[in-house]
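Inspection log for the structure reproduced underneath, given as C-alpha cells.
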C-alpha cells in the first residue's frame, strides 16, 4: 500500500475504496483497519445552526456554549446524544465571533455506519458535506483570491456553497434531482439527460414535454433565487462585493440556459464553468473525488476538518492505561517474585485511581455548577428575545411562501427579476447586507437592510440609487438600532 492514501467507507461494505489523491481503487478491509478511514456525512443527517458570541471567549468555554446553544436554540432533543462540531469567523463591524455549529445524532450514526465499522474497525473522520470544497484550494484546483460559488446538483441532495479566500462561508439547501424528477413525472436519468442536452432552452422540447420543461424552468428559477438570497444575506457580514466565479458540480456537465438565469439576478460579471476535481476520474465520480480529496487533506494535516465521528481508532492494548498497568505489574512480579511488591504496586495504583476519580468528581461538580448558571442565563436571554425570534421566523416563512408563489406567476417574472436585479446591484454597490427581501407582486418590494451604525448613510445612497432608476416611491418604514447594528426596512414601489 502507498504511504499517502486514505480509505473511503460508507454504510455498504462493497463501497470501501482507497484514494491516493488522484484515483480510486478497490480496497481490502485488512489494509483499511491499519489506515486512515473517513467519509462525508449525508446532508439529511446534519443539523446546522448559526449564532454569535463575544470575542475573547476561551476555546474551552466556547465548546460549552456551542453545546448549550445547539440544545437551547438549534433544535436538538435533550433526550438524545449528539456529536457536535463548529467553525467560527470574526465579524468586522462588531466584537463578536460568528459561529456555525453542526450536529448529528448518535443513533443515526450507528444505524448508518455500524456495517462499515465491522469491516474497518474505525472511522477517523465523518466530514461535514458543505466544507469539502475547501480542499480544492489546498491543491490549487480553485482560486483562493476570489469569491466563488459552488452549485452541487446531486440525485439525492443538492446545495450551494459560498467560499471567500479559500474558506467556506455559508451554504443553502436546494431541491434534489430526485425531487425535480418526481414533479416532472420522469426518471432521474431522463431528467439528467434533458438537463445535459437541452437544459432550459424551451424551443428544444416537444409538445408532449410541456410538464418537463415547465418543471425545469420553475425549479431552476427557484434555485437561482435561493442562491441569490444566500449571497445577499452574507454580503455585508463578510464584505463581499461580488461573486467572482460560479462553478457547477454536475458530473462535469453544464446546463444550457442556466447561466442566463443567473445573469438575470446580478451575476452577469461572474466567471462561469464546470467543476472538475481529478482528471483521472470519470465525470460521475468527480463529486466523490472532491469528498475524498478533503478527507485526504485532513489525513495529512493540511486542513483542520470539523469532525463528527464517534468511531475513532482504538489505541493498541499496551498503549492503554490498562495495558501499561498490566505490563508494570507483570514486570514487577517477574523481577521480585514476591507478593509484597505486587501488593504495594496494586495499593499505590488503587490509591492513584481514587485520587484521579476524586479530581474527576470535582471537575464534574464545577462543570455542573457552570452549566446550571449558563442555562439560567440562556433561558433569561431566550425569554427576552423570544418575541423577536418569533417575528423573524414569521417573516422568513412569509418570504418562503411568497417565493414559491412568485415562481408560478410567469406573467410578472420579467418585472420581478428586473426589480430584484436592481436591488441586488444597489446592495452590491454600497456593500449592504439584506436580512430579508419580500416582494409583493411585481410593483412592491420590502428590503430589511443591516449595516453598522457608522455606515448608515449608505442606506440613503441605496434609496437614491433606486429613485434615479425610476421607482415611484422608495422610503423607510422602520429603523432600528441594536448596539452597533443599524437596521432599516425599505419599501420600494415601481
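Some values worked out for this structure:
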{"quantity": "Inter-probe distance in nm under a simple model that places probes 7 Å from Cα toward Cβ, at residue 22 and residue 144", "calculated": "2.3 nm"}
{"quantity": "Förster radius 25 Å - calculated FRET efficiency between residue 310 and residue 371 (Cβ-Cβ, nearest 0.05)", "calculated": "0.70"}
{"quantity": "Sequence of 91, 17 once ranked by neighbouring C-beta atoms within 10 Å, starting from the fewest", "calculated": "91, 17"}
{"quantity": "Sequence of 387, 272 once ranked by neighbouring C-beta atoms within 10 Å, starting from the fewest", "calculated": "387, 272"}
{"quantity": "R0 of 22 Å, Cβ-Cβ distance residue 269-residue 431: FRET efficiency to nearest 0.05", "calculated": "0.85"}
{"quantity": "Whole-Å semi-axes of the ellipsoid equivalent to the stretch 142-275 (Cα gyration tensor, √5λ, descending)", "calculated": "27, 14, 13"}
{"quantity": "Three semi-axes of the equivalent ellipsoid, the stretch 1-143, Cα gyration tensor, whole Å, largest first", "calculated": "32, 21, 12"}
{"quantity": "Packing-based order for 220-228, 290-298, 29-37, using average beta carbon neighbours within 10 Å, highest first", "calculated": "290-298, 220-228, 29-37"}
{"quantity": "Segment residue 453-residue 58, extension gain: residue separation times 0.36 nm, minus the distance between their alpha carbons", "calculated": "139.4 nm"}
{"quantity": "Residue 480/residue 383 FRET efficiency (R0 25 Å; Cβ-Cβ; nearest 0.05)", "calculated": "0.80"}
{"quantity": "Contour excess over end-to-end distance, with Cα ends at residue 254 and residue 179 and 0.36 nm allotted per residue", "calculated": "25.0 nm"}
{"quantity": "Part-to-part distance (alpha-carbon centres) for the stretch 465-494 and the stretch 171-212, which is given in Å", "calculated": "39 Å"}
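All of the numbers you see were taken from the coordinates with simple rules; none came from a lab. A quick note: this is a predicted structure, and the numbers were derived from the prediction, not measured. Note: ideal-geometry Cβ built from the backbone for every residue, glycine included; neighbour counts use all protein chains shown.
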